[in-house]
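The block underneath contains the structure these notes are about, expressed in C-alpha cells.
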Amino acid sequence: MFGKKNNNHKLDMGPTGGLCSLLEAPEGEILKIVEIRGGQGLHRRLLALGFHPGDLVTLENEALMNGPVLVKNLTTDTRIALGRGIAQKITVEVATGDER
Amino acid sequence: MNDKVPVIVFIGQPNCGKSTLFNSIAGYKAQTSNFPGTTVTHVHSEVLWKGKIYSIVDLPGTYSLSPHEPQEKVVLTHIFKEKPDLIVNVIDASLLGRSLELTLELLELEYPMVVVLNMIDLARKKGITINPEELEKKLGVPVVKTVATRGFGTDNLMATIENALKLKIRPTAPHYSREVEKRIAEVMDILPEDFPVVANKRFTAVKAIEGEMLAVDKFISEHNLAFKRELDRLRQEISALREAPAYEVISAERHHLALKIFEDCCRVTRPKISAIDKLDNLIMDPVLGYFFLLVIFAGMFYLIFKVGSPLETWLLQPWETIKSTIENQFGHSLLAELLIGLVQGIGGGIAIVFPYFIPLLFLMGFLEDAGYLARASFLLDAFMHRLGLHGKSVPMFILGFGCNVPAIMATRILESRRDRIVTALLIPFVPCAARTTIILALIAFLLGPWWALGFYFFNFFVIAILALILKRWFKYDSPGLILEIPSLKVPSLKSIWQKIYFNLKEFVRFAWPILIAGSILLSLLSYLQFDRVINAILSPLVSGLLGLPQSLGVTLIFGFLRKELSLLMMFQALGVGYGQLMAVITRTQLLTFVTFVTFFIPCLSTLSVLWKELGKKVALMSVVLNLSVAVVVSWLIRLVSSLF
C-alpha cells in the first residue's frame with residue numbers, strides 16, 4: 001500500500017528550461033503555466049479557481065499510490081490538489097529570473 | 001417602496017467564511033427557514049436590525065458566475081429570478097487577489113453591492129495590509145472589514161447595508177482592455193430585440209461571449225442563427241487577441257485586473273514561517289501525513305467511545321427507571337405499552353444525540369474548520385479512486401463511523417449526483433457507533449478482541465467489494481480531483497457550535513419524531529402479540545437460511561429502529577442474561593447474527609435522511625442493497641464458520 005516515492009521520472013530541465021507537464025516538473029521549482037489543455041469543463045474550472053496561463057506555480061507535494069499533486073499558485077497565493085490526469089494536462093516551464 | 005422587505009444576497013467563493021458571517025448576522029434573526037434542494041441548498045433568513053426587516057439569502061459558495069457547476073447554477077438562477085436589492089460579496093481577505101475575480105464579475109451586473117473583507121486577521125498574519133479606501137475607490141462600492149468568527153465588524157456591515165439600500169448606487173462594470181471592450185460593445189449592438197437581457201445589456205453580451213459551447217449557445221443558435229454567426233465571428237476575434245478561447249480571454253482580463261487592483265490596494269510583506277505552516281508541512285508529508293491521519297482518526301474514535309459509552313449508560317438510566325415505574329404502575333396494559341414505546345423513543349433519541357452525535361459533530365467540525373478534511377481528501381484520493389470514488393467522499397465515510405445520519409447529510413457537498421448516490425449507498429455499511437457497540441459487546445467480550453478487530457476489517461473488505469460492484473453499476477467518469485486546500489487555521493468554537501446546532505436541529509425535527517412514532521408502533525405490535533407473527537413470518541430467513549433461533553426474528557425489527565436495540569432485545573428474546581448467552585447459541589450463530597444485524601438495513605433514522613436527501617428511489621435501493629448483502633454475507637459466514 002505504501003509505494004515508494006518515485007522521483008526518477010522527472011525531467012532534468014536545466015536552468016532555462018523547456019516545456020513539460022506539471023506532473024513531470026521538478027518539485028519546489030518556480031514554474032510558469034504555459035497552457036491548460038484538456039476539456040472545456042476542466043479548463044473553465046481551473047480558470048475559475050484562479051489558475052491562468054502566465055501564473056507562477058510550484059509543485060509542493062504528492063500523495064502516495066499515484067495520488068494527487070499539491071500545487072501552490074504563487075501569483076494568487078492559493079493551493080489546490082490536482083488529480084494526476086489533470087496535472088498532466090497543464091503545460092509549464094521553469095520561470096526565468098525576471099518573472100520571479 | 002418602504003414597506004417592501006429588501007432582499008440581500010450573500011455571494012462569495014467557497015471557504016470565504018460567508019456562512020459564518022451569515023449566521024452571526026442571522027443571530028438577530030426574526031425567523032429562519034431552510035430550503036433543501038436536491039444537490040445544493042441555500043439558506044434564507046429574515047433579519048431584524050434597528051426595527052427594520054431584511055430578507056437575507058446565503059447562496060452556496062461559487063468561484064465564478066459561469067453556469068457550469070450545480071452550485072453556480074443555483075447562484076445564477078437566484079440572482080436573475082429574485083433580482084436582489086443588494087449583493088453582499090464576501091471575500092477571504094487573505095486571498096484577495098484571487099477573490100476579486102468574482103467581485104469583478106459581480107460588478108458587471110451593476111447591482112448595488114457591498115464588498116466584505118472577511119478574515120482580515122488571517123490576511124494580516126499572512127503579511128497582507130489592505131487599504132480599504134483605495135479598494136472602495138477602485139471598485140466603486142463600499143468595503144467593510146470583518147472577522148466573522150469573532151463577530152467583529154458585523155454591526156458596521158449592517159449599517160453599511162442599510163446605507164447602501166438607501167443610496168441605491170449602481171456600480172459601473174470594470175473596463176477591460178480596449179480591444180476586448182470594442183468586441184463587447186459590438187455584441188451589445190447586435191443583440192437581437194427579443195434577446196432576454198439579464199441585469200443589463202453589457203452583462204448579457206459578456207455572458208453570451210463566455211457561453212461558448214454551453215447551454216446558452218444552443219439556445220442562441222436555435223433562436224437566431226444570424227446573431228449566432230456574428231457572435232461566433234466576434235468570439236474568434238477575441239480569441240485571436242491572446243490565442244486562447246474567448247471565455248479564457250475574458251477570464252484572463254478579470255484575472256489581470258484583479259491582480260492589478262490587489263497590487264494597488266495592498267502592501268505585502270513576507271511573513272516568517274509560522275508554527276502552523278510547519279504543522280501543515282508535517283501533516284501533508286507523503287509519509288508522515290498518513291501516520292498523522294491514522295493517529296488523528298484513531299484518537300478521535302477512542303475519545304468518542306471513551307466519552308460516549310459511559311455517557312450513554314448514564315443517560316439511559318433515568319428512562320429505564322421511568323420505564324419500570326410505568327410497568328409497576330400500569331402492568332401490561334395497552335396504555336403502559338404505549339407509554340413505554342414513547343419513553344424508549346425519546347430516551348433513544350437522547351442516547352444517540354448526546355453521547356455520540358454531538359461529540360462527533362464537534363470533532364468533525366473542528367477538523368473541517370481547521371482545514372484538515374480537505375487534507376485528508378488529498379491524502380486518500382488515490383485510494384478512493386480505485387473504489388470508484390473521489391477523495392472528496394473521504395470526510396463522509398469518516399463521519400459515518402460516528403453516525404450514518406450526518407454522514408449522509410454531508411454528501412451534499414459532492415458536485416455530481418452520481419458520486420452522491422454511490423457514497424450514500426455505501427455509508428450505511430460503515431459500522432456506526434451503535435453497531436460498534438454490538439460488535440464490542442458480542443464479539444469482543446464473548447469471543448475476544450482479535451475476533452472483533454477481524455470483524456472490523458471484514459466489514460471494510462465488504463465495503464470495498466461493494467464499492468467495486470457499484471462502480472460497474474454506476475458509470476464512473478470522474479474527471480479527477482480538483483480541490484482547493486484552504487489554509488490551516490485554528491477553528492473558532494462559535495462557528496463549530498453553529499454547525500452542531502444546524503445538524504442537531506435537522507435531527508430533532510426530522511429523525512427523532514420518526515424514531516418516537518416507530519417505537520410506539522412497535523410497542524403496540526408487541527402488545528397485540530404480533531411479535532410471534534413476525535417471528536413466524538421471518539422464520540424461513542432467520543432459522544432456515546441463517547440457522548438462528550426463531551425467536552430472534554423480532555429483534556431484527558427492533559434493529560431497524562435502532563441498531564443496538566437488536567442487542568438488548570436479543571437477551572429478552574432468548575430469555576438469558578449476558579453471561580449465559582454462549583450457553584444457548586453457538587459461535588457460528590453469534591457471528592451470523594452480528595453480521596446480519598450490522599448489514600441488514602439502514603436504521604430508521606438513516607433511511608429517513610436518505611429519503612429526504614436523495615429521494616424515495618435511492619432509499620429503496622439502499623434497503624434492497626443492504627438486505628441482499630446481509631443475506632448473502634451472513635449465509636457465507638454461516639457456511640465458512642461451520643467448516644471449522
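The values are calculated or read from the model by the stated rules, or taken from the named source; none is laboratory data. All of these numbers come straight from a predicted model, not from anything done at the bench. Every residue, glycine as well, gets a Cβ built from its backbone with ideal geometry; the counts of neighbours run over all protein chains shown.
The C-beta contact set for region B:120-147 (first residue touching a residue at least 12 places away in the same chain (Cβ under 8 Å) and polar (S, T, N, Q), second residue in a loop (DSSP other than H, G, I, E, B) and loosely packed, with under 15 Cβ neighbours inside 10 Å, distance under 8 angstrom, 6+ apart or interchain) comprises B:THR129/B:THR269.
All of (1) at pLDDT 80 or above; (2) surrounded by fewer than 17 Cβ atoms within 10 Å (Cβ to Cβ); (3) within 14 Å of another protein chain (Cβ to nearest Cβ) hold for A:GLY18 with one exception: (3).
Does B:ALA240 satisfy the criteria of being surrounded by 15 or more Cβ atoms within 10 Å (Cβ to Cβ) and not assigned by TED's automatic domain parsing to the domain that holds B:ILE87? Criteria not met by B:ALA240. Residue count for region B:515-551, restricted to those that are of a type outside the set (Gly, Ala, Ser) and not in a helix (DSSP H, G or I): 5. A count restricted to region B:261-277 and to residues that are under 13 Å from A:THR76 (Cβ atoms) and either in a helix (DSSP H, G or I) or hydroxyl-bearing (Ser, Thr, Tyr) (or both) stands at 3. In region B:268-280, the residue that is nearest to B:LEU367 (Cα to Cα) out of those that are surrounded by 13 or more Cβ atoms within 10 Å (Cβ to Cβ) and of a type outside the set (A, V, I, L, M, F, W, C) is B:ASP280. One residue stands out among those in region B:105-117 that are in a helix (DSSP H, G or I) and under 28 Å from the mean Cα position of the chain (by Cα): the one that is nearest to the other protein chains (Cβ to nearest Cβ), which is B:GLU105. When every residue of region B:508-527 is checked against the conditions, none turns out to be modelled with pLDDT of 80 or more, charged (D, E, K, R), over 16 Å from B:LEU590 (Cβ atoms) and assigned by TED's automatic domain parsing to the domain that holds B:PRO406. Contact map, region B:274-289: residues that are touching a residue at least 40 places away in the same chain (Cβ under 8 Å) paired with residues that are hydroxyl-bearing (Ser, Thr, Tyr) and part of a helix (DSSP H, G or I), Cβ distance under 8 Å, separation 6+ or inter-chain. Pairs shown: B:ILE283/B:TYR372. Restricting attention to region A:54-74, the residues being facing chain B (nearest Cβ under 7 Å) and not aliphatic (A, V, I, L, M) number 5. Set side by side, the residues B:LEU521, B:LEU504 differ, and just one is surrounded by fewer than 18 Cβ atoms within 10 Å (Cβ to Cβ) and over 30 Å from B:TRP635 (Cβ atoms), which is B:LEU504.
Based on this model, can you work out whether A:THR58 counts as in contact with a helix residue (DSSP H, G or I) (Cβ under 9 Å, 6 or more places away or on another chain) and β-branched (Val, Ile, Thr)? No; evaluated as a whole, the condition is false for this residue. Just one of the listed residues (B:GLU248, B:GLU181, B:GLU136, B:GLU243) is within 14 Å of another protein chain (Cβ to nearest Cβ), modelled with pLDDT of 85 or more and out of contact with any helix residue (DSSP H, G or I) (no Cβ under 8 Å at 6 or more places or on another chain), namely B:GLU243.
Scanning region B:414-471 for residues that are among the β-branched types (Val, Ile, Thr) and under 24 Å from B:TRP635 (Cβ atoms) returns B:ILE427, B:VAL430, B:THR436, B:ILE438, B:ILE439, B:ILE443, B:VAL462, B:ILE463, B:ILE465, B:ILE469. Taking region B:167-221 as the range and being without any contact (Cβ under 8 Å) to a residue 24 or more places away in the chain, β-branched (Val, Ile, Thr) and part of a loop (DSSP other than H, G, I, E, B) as the test, only B:VAL197 passes.
B:LEU515 - would you say it is within 13 Å of B:VAL554 (Cβ to Cβ) and touching a residue at least 12 places away in the same chain (Cβ under 8 Å)? For B:LEU515, the condition - within 13 Å of B:VAL554 (Cβ to Cβ) and touching a residue at least 12 places away in the same chain (Cβ under 8 Å) - is not met. Is it the case, given these coordinates, that B:ILE273 is under 14 Å from B:GLY211 (Cβ atoms) and either touching a helix residue (DSSP H, G or I) at 6+ places or on another chain (Cβ under 8 Å) or away from chain A (no Cβ under 13 Å) (or both)? No. The conditions of being under 17 Å from B:GLY391 (Cβ atoms) and surrounded by 22 or more Cβ atoms within 10 Å (Cβ to Cβ) are met by A:ALA63. One residue stands out in region B:281-318 among those that are among the small types (Gly, Ala, Ser) and surrounded by fewer than 13 Cβ atoms within 10 Å (Cβ to Cβ): the one that is farthest from the other protein chains (Cβ to nearest Cβ), namely B:GLY299. Counting only helices (runs of 4 or more DSSP H) wholly contained in region B:371-448, the ones carrying 3 or more residues that are more than 14 Å from chain A (Cβ to nearest Cβ) occupy B:394-402, B:404-410, B:417-426, B:433-438.
Here B:LEU102 passes the criteria (1) modelled with pLDDT of 90 or more; (2) within 25 Å of the chain's Cα centre (by Cα); (3) not in a helix (DSSP H, G or I) except the one numbered (3).
A:ARG37 passes every criterion in (1) among the basic types (Lys, Arg); (2) more than 9 Å from chain B (Cβ to nearest Cβ); (3) buried (at least 16 other Cβ atoms within 10 Å of the Cβ) apart from (3).
The residues of region B:232-260 that are free of Cβ contacts under 8 Å to residues at least 24 places away in the same chain and either farther than 30 Å from A:ASN61 by Cβ or assigned to a helix (DSSP H, G or I) (or both), listed by number, are B:ASP232, B:ARG233, B:GLN236, B:SER239, B:ALA240, B:ARG242, B:GLU243, B:GLU248, B:ALA252, B:HIS256, B:LYS260. Restricting the search to region A:85-100, which residues are buried (at least 18 other Cβ atoms within 10 Å of the Cβ) and either facing chain B (nearest Cβ under 7 Å) or within 23 Å of B:ALA123 (Cβ to Cβ) (or both)? Residue satisfying the conditions is A:ILE86 alone.
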